[in-house]
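Visitor: I am attaching a structure below and will ask some questions about it afterwards.
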Amino acid sequence: MLDHFWEITETNTFKIILCLFISGLIFYGVGQIRCMDSMFRRSAERGTVAVSLPSGASGSSQARGSMAASGWSPSAGPGGSLNSFDYGAIRGPHSWIVPANNQSPINIDQRRMANIYFETPLEWTNLEIMPAGIRLENNGHTLVLRASYPRCVPSIGGWDLLGRFELREITFRWSWSSNMGSEHTVDNRHYPLEMQCLHTLPQASGIISSQNVLMISYMFEVGQDNPYMDVLIQHLVAIKRAGRSVEVSPFPISYLVTPFYTEFFSYQGSLTQPPCHRGVEWLINPRPLAISERQLNAFRQLRSFQGAHIGFNARPVQPLEDRTVFYNLYRVQQ
């Protein structure tokens, strides 16, 4: 009987069956690994957005000074889910459930602006302070920059602000085309890149709406290489895949955030990602900064959780309705 068994094992039919059996085991194992990987990805996506705002009075000084954002952050979706929206045909801006009015972004029509003069200049502080650390993250929708400060967090006051607002995070908007990209438009013109800097009052801990939020926006237009942008761009290759982050060598945030004191746009709007809470004060620098096509292309290499290049991440312009856009001019007191 044993001799008969060995004769069977030597037949081609047995060898074929054995190969098919082993192949089936291999495919089953690969399938299980992919399933586990998918589960871990979904868990990571859910876990990357639950970051609380600094308390201002409690917790470590490192936590108090961090550029962190709460669940309604522009880098998160409703309920803290980054996969609850996108910019495509199915879950794009047309499908978002958001408030009906006072939404951002808008088109800034310079012929219809109202000039307004102010006597207390904008006060920018701590932009030159070196942070303890800086983290860049690809959250599947945009690039997010957060930094930590043991003390002396960059902030802005003055003008007609009711307090001093501290910088929390910086996000970016771009497109596959240099004729598009920015969320806000000026005289119906898009810029290829818009940088949005989210600020809140220090005591705004655990808030769930956009009250006490100040957004400062900078437009970029194509020109020569901007050496200050390279402090970011050189690290983007490490976070091409969605959900990845990287700690980078600290640099003063003034490399990116350029102070301005007069001749800027302002209006009342909202966050530009779900849940698009209203009550955000927007200040927009009308003087574009420079960026090269090479540097823009580095942003375009970042990928979404679906694996596609992030080729467009801007919400369309929203109706201005009865709101007023102001052109703010500093008037020196006599």
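The values are calculated or read from the model by the stated rules, or taken from the named source; none is laboratory data. Given the structure is predicted, the values throughout are model-derived calculations rather than measurements. No Cβ is skipped: glycine too gets one built from the backbone with ideal geometry, and neighbour counts run over all protein chains shown.
Visitor: Yes or no: the range 214-222 includes at least one residue that is assigned to a loop (DSSP other than H, G, I, E, B) and touching a residue at least 60 places away in the same chain (Cβ under 8 Å).
Guide: No, the range 214-222 has no match at all.
Visitor: Does any residue of the range 100-120 turn out to be modelled with pLDDT of 95 or more, small (Gly, Ala, Ser) and out of contact with any helix residue (DSSP H, G or I) (no Cβ under 9 Å at 6 or more places or on another chain)?
Guide: yes
Visitor: Determine which member of the set 299, 265, 260, 326 is within 17 Å of the chain's Cα centre (by Cα) and modelled with pLDDT of 95 or more. It would help to see each step written out before you state the result.
Guide: Details: 265 fails: within 17 Å of the chain's Cα centre (by Cα); 260 fails: within 17 Å of the chain's Cα centre (by Cα); 326 fails: within 17 Å of the chain's Cα centre (by Cα).
Only one candidate qualifies: 299.
Visitor: Keeping to the range 97-144, report how many residues are without any contact (Cβ under 8 Å) to a residue 60 or more places away in the chain and among the polar types (S, T, N, Q).
Guide: So the answer is 3.
Visitor: Need at least 2 residues that are touching a Cys at 6+ places or on another chain (Cβ under 7 Å) per element, so show me which strands (runs of 3 or more DSSP E) inside the range 107-201 make the cut, counting only ones lying wholly within it.
Guide: In the range 107-201, 165-174 are the strands (runs of 3 or more DSSP E) which contain 2 or more residues that are touching a Cys at 6+ places or on another chain (Cβ under 7 Å).
Visitor: Please tell me if residue 287 is within 27 Å of residue 160 (Cα to Cα) and over 15 Å from the mean Cα position of the chain (by Cα). Walk me through how you get there before you give the answer.
Guide: Numbers: within 27 Å of residue 160 (Cα to Cα): yes; over 15 Å from the mean Cα position of the chain (by Cα): yes.
Considered against the rule, which asks whether it is within 27 Å of residue 160 (Cα to Cα) and over 15 Å from the mean Cα position of the chain (by Cα), residue 287 comes out as yes.
Okay, residues lined up against (1) touching a helix residue (DSSP H, G or I) at 6+ places or on another chain (Cβ under 8 Å); (2) in the same structural domain as residue 100 (by TED's automatic domain parsing); (3) loosely packed, with under 15 Cβ neighbours inside 10 Å; (4) basic (Lys, Arg):
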site	(1), (2), (3), (4)
246	yes, yes, yes, no
255	yes, yes, no, no
271	no, yes, no, no
275	yes, yes, no, no
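Visitor: Among the residues of the range 261-309, write down those that are among the hydroxyl-bearing types (Ser, Thr, Tyr) and either over 29 Å from residue 237 (Cβ atoms) or free of Cβ contacts under 8 Å to residues at least 24 places away in the same chain (or both).
Guide: 261, 262, 266, 267, 270
Visitor: Let me ask something additional. Can you tell me how many residues within the range 230-258 are in a loop (DSSP other than H, G, I, E, B), over 22 Å from residue 132 (Cβ atoms) and not small (Gly, Ala, Ser)?
Guide: Total meeting the criteria: 3.
Visitor: Tell me, please, whether a residue that is of a type in the set (D, E, K, R), at pLDDT below 95 and either in contact with a Lys or Arg (Cβ under 6 Å, 6 or more places away or on another chain) or closer than 22 Å to residue 258 by Cα (or both) can be found in the range 85-95.
Guide: no
Visitor: Okay, next question. Of (1) under 22 Å from residue 302 (Cα atoms); (2) out of contact with any Lys or Arg (no Cβ under 9 Å at 6 or more places or on another chain), residue 246 satisfies all except one. Which?
Guide: (2)
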